[in-house]
Amino acid sequence: MESGQAENIRLGRFCMKCIMGETERLVLRQMTEEDFNFLKLIFSDHETMQYYPSTKNDEETKEWIGWTMENYRKFGIGMWIAEDRHTGEFYGQCGIVPQKIKGAVEMEIGYLFKKSAWGKGFATEAAAACVRFGLFEWKFDKIISLIDPKNIPSIRVAEKIGMTYEGKIYRWNKHLSIFSIENMGLAIAENL
């Protein structure tokens, strides 16, 4: 499969598995309603969600899946499920979503992984793939990441994938740091 092309297995008009990309250890695929239990594992964990506004209950998890699927339909992008390339084990989610920032629509990379996947480089590997996909395949001028300033591991991921600190924004009832990478960062992204 060439970089950035989705591999589809179709049943009728529904895509059962749309692979958005692969890395050395991961497959990034479209989220489906069948991912509810995997996502609930992350969304109900207070430690995993400590830098987010709150944990998510069942209804909010279903809404998240619906929002993500709507992003696929409207924009062709969204959060993707990150799973082990060989075993299919669920690790988390990573992807690109549109965000309205200071009156403009920006493409934001986000990542959230279950605790047992922390510290193994999966977030960096998945985020680097998303940066390559966004800059090279979709030719975005810029990709941002909104990160709680206390979330040092996420800041490290952003820096490892070539993002730099851009400023602050007040959103979701808290101050967030904005990290970004622009087309001038393509030389860095080529090395990811």
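Computed quantities for the displayed model
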read-out: Test: residue in region 159-172 that is touching a residue at least 60 places away in the same chain (Cβ under 8 Å), more than 17 Å from residue 28 (Cβ to Cβ), among the small types (Gly, Ala, Ser) and surrounded by 14 or more Cβ atoms within 10 Å (Cβ to Cβ); value: no
read-out: Filter result (over 28 Å from residue 152 (Cβ atoms) and not in a helix (DSSP H, G or I)) within region 58-84; value: 76
read-out: Tabulated pairs, region 35-64, first touching a residue at least 24 places away in the same chain (Cβ under 8 Å) and farther than 13 Å from residue 113 by Cα, second of a type in the set (A, V, I, L, M) and surrounded by 15 or more Cβ atoms within 10 Å (Cβ to Cβ), C-beta under 6 angstrom, 6+ apart or interchain; value: 35/81; 61/39
read-out: In region 159-182, the residues that are within 19 Å of the chain's Cα centre (by Cα), on the phi < 0 side of the Ramachandran plot and modelled with pLDDT under 95; value: 171, 182
read-out: Verdict on residue 81 being crowded, with 21+ Cβ neighbours inside 10 Å and either charged (D, E, K, R) or within 15 Å of the chain's Cα centre (by Cα) (or both); value: yes
read-out: Residue tally, condition touching a Phe, Trp or Tyr at 6+ places or on another chain (Cβ under 8 Å), touching a residue at least 40 places away in the same chain (Cβ under 8 Å) and surrounded by fewer than 22 Cβ atoms within 10 Å (Cβ to Cβ), over region 84-104; value: 2
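The values are calculated or read from the model by the stated rules, or taken from the named source; none is laboratory data. This one's a predicted model, so the numbers in the text were calculated from it and none came from an experiment. Cβ sites come from the backbone with ideal geometry, for glycine too, and all protein chains shown count toward neighbours.
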